[in-house]
Amino acid sequence: MGTVIQLKKQINNSYLDLKSSVEDKLVLVEEKIKNKLTSNVDLVQKISDYHLKTGGKRLRALLTLGSSKLCGYLKGGRDINPAACIEMIHGATLLHDDVIDNSDMRRGEKNNKYNLGKSIINFSRRLFVK
């Protein structure tokens with residue numbers, strides 16, 4: 001079996017360099033996710049707002065945007081949708097895991113399931129569908 005390597009608690013310069021190199025597009029990814037999660041249903045909007053507020057590093061979106069840039073795609077917005085899609089799928093799997101694992105905490109913080117109940121499973125499905 002493999003060895004677990006402890007990650008540093010501090011983010012190194014590579015992450016920050018990648019983030020700054022695609023910062024303008026990352027803003028568009030955030031907007032795309034927010035637009036896709038907007039709902040007229042109060043509970044769905046509450047879950048969407050909570051999900052967006054918890055954010056994250058958006059590492060998957062950064063890697064998608066960075067890969068696109070490395071392949072020479074510098075102009076246009078065709079890299080925004082895949083980056084947003086990957087982040088939404090990742091978010092859906094985290095929400096789904098919270099319910100399946102019957103966990104109230106993730107990384108020492110109360111998770112979405114704890115705060116919003118098992119209706120979160122339907123929201124995770126919404127993320128997959130969008």
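The values are calculated or read from the model by the stated rules, or taken from the named source; none is laboratory data. Given the structure is predicted, the values throughout are model-derived calculations rather than measurements. Ideal geometry is used to build each Cβ from the backbone, glycine not excepted, and the neighbour counts take in all protein chains shown.
So here's what we get for this one:
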{"item": "Selection status of L65, modelled with pLDDT of 80 or more, within 14 Å of C85 (Cα to Cα) and within 13 Å of the chain's Cα centre (by Cα)", "result": "no"}
{"item": "Test: residue in the stretch 39-54 that is assigned to a helix (DSSP H, G or I), at pLDDT 85 or above, surrounded by 11 or more Cβ atoms within 10 Å (Cβ to Cβ) and of a type in the set (A, V, I, L, M)", "result": "no"}
{"item": "Residue in the stretch 69-92 that is under 9 Å from the mean Cα position of the chain (by Cα), assigned to a helix (DSSP H, G or I) and at pLDDT below 85 present", "result": "yes"}
{"item": "Pair list, Cβ under 7 Å, 6 or more apart: the stretch 17-36 residue more than 21 Å from L70 (Cα to Cα), other residue polar (S, T, N, Q) and loosely packed, with under 15 Cβ neighbours inside 10 Å", "result": "K32/N81"}
{"item": "Residues that are small (G, A, S) and surrounded by fewer than 19 Cβ atoms within 10 Å (Cβ to Cβ), drawn from the stretch 55-65", "result": "G55, G56"}
{"item": "Neighbours by Cβ (under 8 Å, 6+ apart or cross-chain): first from the stretch 59-72, within 10 Å of V22 (Cβ to Cβ); second polar (S, T, N, Q)", "result": "G66/S21; K69/S21"}
